[in-house]
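Data first, discussion second: the structure below is written as structure tokens.
The values are calculated or read from the model by the stated rules, or taken from the named source; none is laboratory data. The model shown is predicted, which means the values in this text are computed figures rather than measured ones. Neighbour counts are summed over all protein chains in view; Cβ atoms, including those assigned to glycine, are modelled from backbone coordinates with ideal geometry. Surface areas here come from the heavy atoms of the whole protein model, side chains and all, with no ligands, DNA or RNA. Shrake-Rupley method; radii C 1.70, N 1.55, O 1.52, S 1.80 Å.
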Amino acid sequence: MKLQELGHVSHTPVSTIKYYLREGLLEPGAKRNATTSVYDESHVERLVLIHTLRQVVGLPIERVREVVEVVRAGDPVTLMGAVQAAALGLPSTTDADGSAENGSRVTAAQVVDAMGWSPGADDAAAALDRELRVISGWGIRSDLETVLVYARAADAVARYELGLPEGVTGGDRAPSPDRLATFVARGVYADSRLMLGMLALAQGSRAIERGDGAEPVHDGPTPPGRIRPESSVVPGPSSPERRLRDERP
């Protein structure tokens with residue numbers, strides 16, 4: 001396809017495509033003659049990725065360039081780590097201080113070991129170590145048991161998403177690096193917003209429950225460091241004890 005057709009298919013102005021070509025974010029088209037180049041589906045996929053990173057996630061052009069360079073390298077694990085860090089607004093690997101000491105009471109390596117996760121997602125692990133260091137500096141409790149509460153929630157989401165039907169990345173063939181990066185960027189960005197909203201709603205609901213003087217219903221794991229005597233547990237909504245209590249005059 002010619003440049004004008006590429007712009008139409010990708011919903012990108014021709015002037016913007018030329019800018020991406022000049023910046024090296026988009027590969028040059030194949031020369032048909034001295035004045036005409038042709039483009040293919042790979043150019044469309046790259047433009048969709050750039051649009052996602054720029055307009056959806058809101059990354060500056062230099063951070064987009066970093067992601068594109070990782071996409072060009074083609075290693076899926078490195079790609080996922082770099083895109084995840086970018087979508088979450090975490091420092092890139094080029095911004096890391098390289099220090100082995102992260103100053104926190106728990107490390108990403110400990111989390112990986114405790115959860116039985118496979119090692120190798122180095123970018124994501126480095127990003128988590130930086131966050132743990134920041135949290136520790138704020139004086140927020142960051143012992144392993146507390147961190148694992150969040151790790152288990154993240155693991156449940158990850159297992160669900162990896163169990164989705166094949167083809168969710170836009171086709172039933174193996175996704176290209178650009179398509180995979182787009183899928184990861186959209187997913188991580190959407191997940192982060194969804195989880196923030198869900199956490200805010202859950203915290204607000206629990207706070208209202210406590211403000212009303214209602215005894216909290218422990219339908220999940222006991223918070224670390226807190227004793228859960230059986231006498232303090234309120235029966236669930238479906239239990240006979242709860243129904244009898246609710247039906248009393």
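Does at least one position in the stretch 66-75 carry a residue that is under 22 Å from residue 140 (Cα atoms), modelled with pLDDT of 85 or more, out of contact with any His (no Cβ under 9 Å at 6 or more places or on another chain) and surrounded by fewer than 20 Cβ atoms within 10 Å (Cβ to Cβ)? Lay out the reasoning, then the answer.
Initially, the stretch 66-75 is screened for residues under 22 Å from residue 140 (Cα atoms), giving none.
Checking the stretch 66-75: not a single residue is under 22 Å from residue 140 (Cα atoms), modelled with pLDDT of 85 or more, out of contact with any His (no Cβ under 9 Å at 6 or more places or on another chain) and surrounded by fewer than 20 Cβ atoms within 10 Å (Cβ to Cβ).
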Checklist entry - In this structure, is residue 99 modelled with pLDDT under 75 and in contact with a Leu (Cβ under 6 Å, 6 or more places away or on another chain)? => result no
Checklist outcome for this item: Residue hits (the stretch 190-206; polar (S, T, N, Q) and open to solvent by less than 90 Å² (accessible area, probe 1.4 Å)) are 192, 205
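Filter the stretch 28-58 for residues that are more than 27 Å from the chain's Cα centre (by Cα) and closer than 17 Å to residue 179 by Cβ and give the result.
Result: 39, 40.
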Item to check | Evaluation of residue 80 against (1) open to solvent by 30 Å² or more (accessible area, probe 1.4 Å); (2) within 26 Å of residue 9 (Cβ to Cβ); (3) touching a residue at least 12 places away in the same chain (Cβ under 8 Å) (one fails), failing number | outcome: (2)
Next on the checklist: Anything in the stretch 3-31 that is in contact with a strand residue (DSSP E or B) (Cβ under 8 Å, 6 or more places away or on another chain) and either in contact (Cβ under 8 Å) with a residue 40 or more places away in the chain or open to solvent by 50 Å² or more (accessible area, probe 1.4 Å) (or both)? List them, or say none.
Outcome noted: 28, 30, 31
Next on the checklist: Filter the stretch 131-146 down to the residues that are modelled with pLDDT of 85 or more and open to solvent by less than 40 Å² (accessible area, probe 1.4 Å) and list them by number.
Outcome noted: 132, 143, 146
Checklist entry - If you go through the stretch 203-211 one residue at a time, do you hit one that is farther than 30 Å from residue 41 by Cα, acidic (Asp, Glu) and modelled with pLDDT of 55 or more? => result yes
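Could you identify the single residue in 57, 44 that is open to solvent by less than 60 Å² (accessible area, probe 1.4 Å) and modelled with pLDDT under 95?
57
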Next on the checklist: Of everything in the stretch 102-130, what is at pLDDT below 75 and in a helix (DSSP H, G or I)? Give them in sequence order.
Outcome noted: none
Checklist entry - For residue 82, are the conditions met, namely being of a type outside the set (Val, Ile, Thr), modelled with pLDDT under 90 and within 17 Å of residue 182 (Cβ to Cβ)? => result yes
